[in-house]
Amino acid sequence: MSQHTLFGDHPATRPLDEVGEVQFLDTTLRDGEQAPGVSLTPDDKADIARKLDAARIDVIEAGSACTGPGERETISRVAELDLDATVTSFCRGIRNDIDLAVECGVDGVNLVVPASDRHVEDKVGTSKADNVDSTVELVEYAKDHGLWVEVIGEDGSRADLDYLEELLGAAVEAGADRICWADTVGHATPDRALECVSRLSELGPVSTHTHDDLGLAVTNALVSVAAGADLVHGTINGIGERAGNVALEEVAIALDHGYGVETMDLTKVYDLADLIANRTGIPLAPNKAVVGQNAFTHESGIHTDGTLKDDAMYEPYPPEKVGRERRLALGKHAGRAGVQAALEEHDVDVTDDQLSDIVARVKEIGDRGKRVTDADLLTIADEVTGQSQDRRVELLGLTAVSGSDTPTASVRLSVDGEERKEAAVGSGPVDAAMNAAEAALSHTADATLEDYHVDAITGGTDAMVTVEIEMSRGDDTVVVSASDSDITRASVRAMVDAMDRLVADEDETLVADD
């Protein structure tokens, strides 16, 4: 039986494991897009909205209609997708913003009104009393247009709580469907979140909007739920202005794993996170909770050995819960169990003595600060066992031209002893060369480039670069790296090496396309 010593023991909180339902409002398409350098196209927003809906997100804030015609076109497109989620537009405390939202065909509006003294008096230049009257008029106007209405008290964490209560209470009385406590600048401590949300929750349905400037976004969201909030605002991957919004996937797993509270479809989380990282250009930090590359990757010999014996030995929950897979990485900390498991994944059998030799070589590479890729491991295994086999795919020549309007490239490959030449165009010389190599390998290769990463490993204009790619073919996946002073050549070499590994154990000839 759980001990409610944190959530539930305080008279203003409820035990989280007794919470019935918590909904999510995703603002990736609005607040997330306010992160520096992020600009989502209409196609991007439509694709992300579909994924959010498939993950059972309850409310999708599609953007801010007042931004301009392009943004309104995008919001309209999301509104026309016939999603199960409620689609909303962010609106300032201006009647015309509501009119523009109505034109977009959204289901509702997130109406932000000033709450703190600096916002009421300094930013907007009005009085507290007039601000309340204006908010009431706006709520009534929006409701008259058939909209679902949430009123957000901007900078609520720094507002006078008595006034915040008066302002949002008036909004509820005017017909607002819910009110929102907003920690707009990530100012609040958990104590402040508890104080504010517990009082606001007595007025009606209350939401919480937390930012991560103090690293407290998830904690403040959980405290808010314990204090009575039943809807959490946030973004996938925690993207947003400054230090970002609360990461919805982190709130979701905390509520699910820690307290048995369901929110969204967690199995959709990783695909959603990957899509948003790619479309926004904000990569996932390797150590990011839930969706980071290292979250379910084990290198340490002790941890790998324990994980192979018991999946839960060094993991709080199974990776499948959030759409992930467990990975065993090889490096200086690798142990026998991990190396043997990696070899078995590639159907490589070795003796105990051979395994000891392979482990020693893996550690030697790791000690040099280098990641041991699948190709590295298999090359070592071939050398140790003396079973090195001829390459099936080999790069013979490469030419790339990037000075024209249309970058082009041509490659010469040896495929099962047959020389093949192909040319292709692309968005750049690397893309063109990769396309040419793919064409030369033929459709029977049927491989997919899963990931592509470049690191400069020396300085200067003649810097060596290392290209690391991940390719898959059916159920097989390999990670291969190649270094060269020419990024195009390094990219194609890595791709060709990966393909050679993926087809190494196959008897079928790689027939050329007609």
Packing-based order for 410-419, 218-227, using average beta carbon neighbours within 10 Å, highest first
218-227, 410-419
Could you work out Rg/(2.2 N^0.38 Å) for region 100-230, with Rg from alpha carbons only?
1.01
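What's the ranking of 109-117, 429-437, 34-42, 61-69 by average number of surrounding C-beta atoms within 10 Å, highest first? Write down the numbers at each step before the final one.
Details: 109-117: 24.6, 429-437: 23.0, 34-42: 13.8, 61-69: 21.4.
Listed from highest to lowest mean packing, they are 109-117, 429-437, 61-69, 34-42.
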Using only alpha carbon pairs under 8 Å that are at least six residues apart, calculate the relative contact order of the chain and give it in whole percent.
9 percent
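I'd like the per residue volume of the convex hull spanned by the Cα atoms of the chain, given in cubic angstrom.
Values: hull volume 94.5 nm³, N = 514.
Hull volume normalised by residue count: 184 Å³.
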Helix-only [θ] at 222 nm, the chain, -39500 (n - 2.57) per DSSP H run of 4+, per residue, nearest 500, equals -11500 deg cm²/dmol
By accessible area with a 1.4 Å probe, ligands and nucleic acids excluded, highest first: order of ASP347, ASP43, ASP230
ASP347, ASP43, ASP230
For region 1-139, what does the alpha-carbon gyration tensor say about shape, rounded, prolate or oblate, given a ≥ b ≥ c as the root eigenvalues, a/c under 1.5 as rounded, and a/b over b/c as prolate?
oblate
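Rounded to the nearest 5, what % of the DSSP beta bridges within the chain are antiparallel ones? Provide the component values of the computation, followed by the final result.
Values: 35 of 70 bridges.
Counting only bridges with both partners in the chain, antiparallel ones make up about 50 percent.
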Using Cα positions and a limit of under 19 Å, work out the lysines in reach of LYS332, with same-chain residues fewer than 8 apart set aside.
LYS363, LYS370
Across LYS51/LYS288; LYS45/LYS143; LYS45/LYS128, pairs whose alpha-carbon gap is larger than 32 Å:
LYS45/LYS128
Loop sites in region 1-86: trypsin sites (Lys or Arg not before Pro), DSSP, at most 16 other Cβ within 10 Å:
ARG56
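Nearest 5 percent is fine: what portion of the DSSP beta bridges confined to region 120-237 is antiparallel? Each step should come with its number before you reach the end.
Details: 0 of 11 bridges.
Roughly 0 percent of the beta bridges in region 120-237 run antiparallel, per DSSP.
The values are calculated or read from the model by the stated rules, or taken from the named source; none is laboratory data. All values derive from a computational prediction rather than experimental measurement. Cβ sites come from the backbone with ideal geometry, for glycine too, and all protein chains shown count toward neighbours. Quick note on the areas: whole protein, heavy atoms, side chains included, nothing else; ligands and nucleic acids left out. Shrake-Rupley method; radii C 1.70, N 1.55, O 1.52, S 1.80 Å.
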